[in-house]
Amino acid sequence: MEFQRPHFILLIIILLTSSPSSSSAQSLSSFSTSNSPWNPSQNRTLLSRNTAFAAGFRRLPASSNLFVFSIWYSNTSDQTIIWSANWDSPVRAAASLIITSNDDLQLINGSSGPIIWNTTTTANSSSTRLILRDDGNLVFGSWQSFDHPTDTFLPNQTFGNDTVLVSRNGKFSFNGLGNLLFNGSDSYWSLGNGIVSFGVDGQVQKDGGGPLILADYGQNRTRRLTMGDDGNLRFFSYNPVTNTWVPVWVAVLEVCLVHGLCGPGYICYSNGSTLSGYQCLCPPGFRQSAGSDSCERKIPIVDMGRSKFLRLDYVNYSGGSNQTSLNLFNLDHCESRCRNNRRCLGFGFRFNGLGYCVLQLDNIMNGYWSPGTEMAFYLRVDNSELDPSNFTGMSEVLDTTCPIQYSLPDPSEESNGTTRNIIIITILFGVEIAGGVFLFRAFLKRYVKYRDMAQTLGLGLLPTAGPRRFSYAEIKSATNDFSVENIIGKGGFSDVYIGKLHDGRPVAVKCLKNVTGGDAEFWGEVTIIARMHHLNLVRLWGFCNEKGRRVLVYEHVPNGSLDKYLFMSGHVVPDIRDDNTNEIELMPGSNQKPILDWNIRYRIALGVARAIAYLHEECLEWVLHCDIKPENILLGDDFCPKVADFGLSKLKKKEQMVTKSRIRGTRGYLAPEWIKNDSITSKVDVFSFGMVLLEIVTGVRNLLQGPSTSIPSDEWYLPQWAYEMAIEEPRFEEILDRRIIHSYDNKTHFKLIERMVKTAMWCVQERPENRPSMGKVAKMLEGTVEIMEPPKPTIFFIGGDN
């Protein structure tokens, strides 16, 4: 017995350690009357069969003693909640989820109530049980959570006209008609049609309209549509590599346009982010009300006749019990209308010569600052208010001169000597010098005051709401004094360096050459470029203009340009006639790049088309790119395309744009108009895009010898060859990029590639009037417009250097 005792003790230890702990989590496949009641302290979890979703009691982030019965993603890092039964009424640890004798599912806060949430079902007690399906739908008899969404909508969930998504704070909602509402009635955005459903591939089906394509269309990912507490509606997709939710579509691009984001009287200021980059500021003459989320006057207006107006540039208030729009002659008429109305708290006026005037009556709500308002708001305050306006434009800063009138007595008839005249001239000259010094000091004082005020508010922008202005010293520090190792691109008009700002953000620094025009003209053009916001355009963050040096600071796009992925010299491409060779090899030591598959190439083509259509048709100022080529198409982390070098034609000399010796563009992508001295229109960009579209499909440079060796190099023309192979013969597979022809599936990819090829054929027509607009090109690629059979393109060459 002494010899066996240690074995007995060891057996006891193993049994104790292997026995389940009462505090460990318990996973359920279903919840029925045999499991009832269900308390938060039991640490139970209801799992779907594929373990993608879980349901149970979740602690509130702000309190460890309050619980919400919810559904969440169990296979994501943050376990995002997608449905909750009692988010606005959390329960304590003594609560219970029970199944009653009447087959009701009830959530009771305590042993005897009250009932926080319940549902009824038509099933009998023998079959009534709570289960969680693989699509995230919680089902109890005839009741299901998909019929009662809270703030999130899932793939394959049907969105009816009566369906409403409500933010967790209860302030914002999205209804089945496609409207975003504040407090259930105040509409501030509309989709035009309601959403019916969406799939994991990123295609959203609208009610009675065409499909809505998300940014990462074609990738099967975990997705959700969520109504946020900031009043914005977003589609998210889960990136399994970074373990993060990525927004792929946002309803309101300028977040301050959301009603109720800030309280009454506040001005919402956005830094350009669509997530949470905004702050609420009280206007001058106002302060935060004690005990409420609103702004009140520092000095109440007792007598409306004793009031004045403070000018707030680029500020607008879009809410009020009554906004009266008038068509008046000038600013004075608009101010007079407001001054004579005791209900008027301010007025907005647009300086466009059309006399647009809006009176703000009774209250001021939904205030926001944005250059897109193109107007100034005049806020009514008491005459004794001393606060200056902290929302001023450049014209206000430069308005520092004051009129000075001089009057001299007529000289007496007896005074004809030169001495008196010299004294008078000397005095006048001295007064002018003193006045000039005084005005210069006043200008510097006001400029410094404006600059300090802008830094205090975080407005590191131009007074006209342009991009951030960097000093030349900051640029040198970011690029390591323009080190040769930092050069990532060279061209005839600029050199490009990679750099890092002091806050750690990587940037691409473009040093411009041969830029003409004065400082005011340069600032205006750069500001116009910075206002162009599109998912598929490279974002301009700032600029530098010191001592003749003009530099643009862009966001850094990490994956480089498209040509590095289409035309890789390190790949040995087999002859397409050799059926025994289908592998792709890499040269030793080459810079290995992944080969883009057909879905990614289609998304790149569609994104570039949308970006160019935005430049042609949606910008306030018409913009031609004039140099569309794979080198100017950059790829982000998820291979989202971003068009670069747009708008720079505005900064070049006009003679460099129209003369034959300095054609704007690159050989191989130039439209015939440049050579024929025809008028230059937006159709030159359509031609260039068509060439790029063919290169995306074929993986061949349009200026190099084609894949078929039977055609002489001086007669080979990419559009004509592609037309003969894909449309006339047809031998469609002949034009496909041979590196990924093995992955081509006729059922999956034929429609996509056929649309790309036919669209390209229409784009490269010799006559501009035969080419479609870029807006129609984007719709042709989307498949929302029928593509007619294109005519055969004619051979067109441009000789000479780029």
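Observations on the structure shown:
- The number of residues in the stretch 744-800 that are polar (S, T, N, Q), surrounded by 14 or more Cβ atoms within 10 Å (Cβ to Cβ) and closer than 22 Å to residue 601 by Cα comes to 2.
- Those residues of the stretch 321-333 which are part of a strand (DSSP E or B) and either free of Cβ contacts under 8 Å to residues at least 12 places away in the same chain or closer than 24 Å to residue 254 by Cβ (or both), in sequence order: 323, 325
- Residue pairs whose Cβ atoms lie under 9 Å apart, sitting 6 or more positions apart in sequence or on different chains, and linking a residue in the stretch 667-689 that is free of Cβ contacts under 8 Å to residues at least 24 places away in the same chain and in the same structural domain as residue 614 (by TED's automatic domain parsing) to a partner that is surrounded by fewer than 22 Cβ atoms within 10 Å (Cβ to Cβ) and part of a helix (DSSP H, G or I), are 677/658; 677/660; 679/673; 679/768.
- Hits in the stretch 601-649 - residues which are of a type in the set (Ser, Thr, Tyr) and under 18 Å from the mean Cα position of the chain (by Cα): 614
- Some residue of the stretch 145-157 being at pLDDT 90 or above, charged (D, E, K, R) and surrounded by fewer than 19 Cβ atoms within 10 Å (Cβ to Cβ): yes
- Restricted to the stretch 145-244, the set of strands (runs of 3 or more DSSP E) holding at least 2 residues that are free of Cβ contacts under 8 Å to residues at least 60 places away in the same chain and within 19 Å of residue 76 (Cβ to Cβ) comprises 233-239.
- Test: residue in the stretch 278-291 that is outside the structural domain of residue 533 (by TED's automatic domain parsing) and closer than 28 Å to residue 78 by Cα: yes
- Checklist (1) crowded, with 18+ Cβ neighbours inside 10 Å; (2) within 27 Å of residue 185 (Cα to Cα) applied to residue 378, failing item: (2)
- Considering 65, 86, the condition of being in a loop (DSSP other than H, G, I, E, B) and at pLDDT 90 or above is satisfied by 86 alone.
- Total residues in the stretch 334-357, condition hydrophobic (A, V, I, L, M, F, W, C), outside any helix (DSSP H, G or I) and touching a Cys at 6+ places or on another chain (Cβ under 8 Å): 4
- Subset of the stretch 43-62 (residues that are outside any strand (DSSP E or B) and of a type in the set (Gly, Ala, Ser)): 48, 52, 62
- Checked against the criterion of being within 18 Å of residue 795 (Cβ to Cβ), within 34 Å of the chain's Cα centre (by Cα) and at pLDDT 75 or above, the stretch 654-668 has at least one qualifying residue.
- Test: residue 303 is closer than 19 Å to residue 267 by Cβ and not in a strand (DSSP E or B): no
- Candidates 77, 84 - the one that is in the same structural domain as residue 129 (by TED's automatic domain parsing), crowded, with 19+ Cβ neighbours inside 10 Å, out of contact with any Leu (no Cβ under 8 Å at 6 or more places or on another chain) and under 23 Å from residue 225 (Cβ atoms): 84
- Of all the listed residues (103, 151, 134, 88), the sole one being of a type in the set (D, E, K, R) and over 26 Å from residue 235 (Cα atoms) is 103.
- The set of residues in the stretch 478-491 being polar (S, T, N, Q) and within 13 Å of residue 553 (Cα to Cα) consists of 479 alone.
- Out of 313, 303, sole residue that is without any contact (Cβ under 8 Å) to a residue 12 or more places away in the chain and not small (Gly, Ala, Ser): 303
- Of residues in the stretch 599-621 being of a type outside the set (A, V, I, L, M) and at pLDDT 90 or above, the one surrounded by the fewest Cβ atoms within 10 Å (Cβ to Cβ): 599
- Scanning the stretch 786-796 for residues that are out of contact with any Pro (no Cβ under 6 Å at 6 or more places or on another chain) and modelled with pLDDT of 90 or more turns up 786, 787, 788, 789, 790, 791, 792.
- Selection of the stretch 335-368 for residues being in contact (Cβ under 8 Å) with a residue 40 or more places away in the chain and either surrounded by 15 or more Cβ atoms within 10 Å (Cβ to Cβ) or not assigned by TED's automatic domain parsing to the domain that holds residue 303 (or both) yields 335, 338, 360, 361, 363, 364, 365, 366, 367, 368.
- All of 97, 107, 47 fail the test of being at pLDDT 90 or above and under 28 Å from residue 223 (Cα atoms), apart from 47.
- Meets criteria (more than 21 Å from residue 69 (Cα to Cα) and either in contact with a strand residue (DSSP E or B) (Cβ under 6 Å, 6 or more places away or on another chain) or buried (at least 19 other Cβ atoms within 10 Å of the Cβ) (or both)) for residue 160: no
- Subset of the stretch 306-316 [within 20 Å of residue 367 (Cα to Cα) and not in a strand (DSSP E or B)]: 314
- Criterion: charged (D, E, K, R) and surrounded by fewer than 17 Cβ atoms within 10 Å (Cβ to Cβ) - qualifying residue of 186, 230, 216: 186
The values are calculated or read from the model by the stated rules, or taken from the named source; none is laboratory data. Quantities reported herein were computed from a predicted structural model and do not represent experimental measurements. Cβ atoms come from the backbone with ideal geometry, glycine included; neighbour counts cover every protein chain shown.
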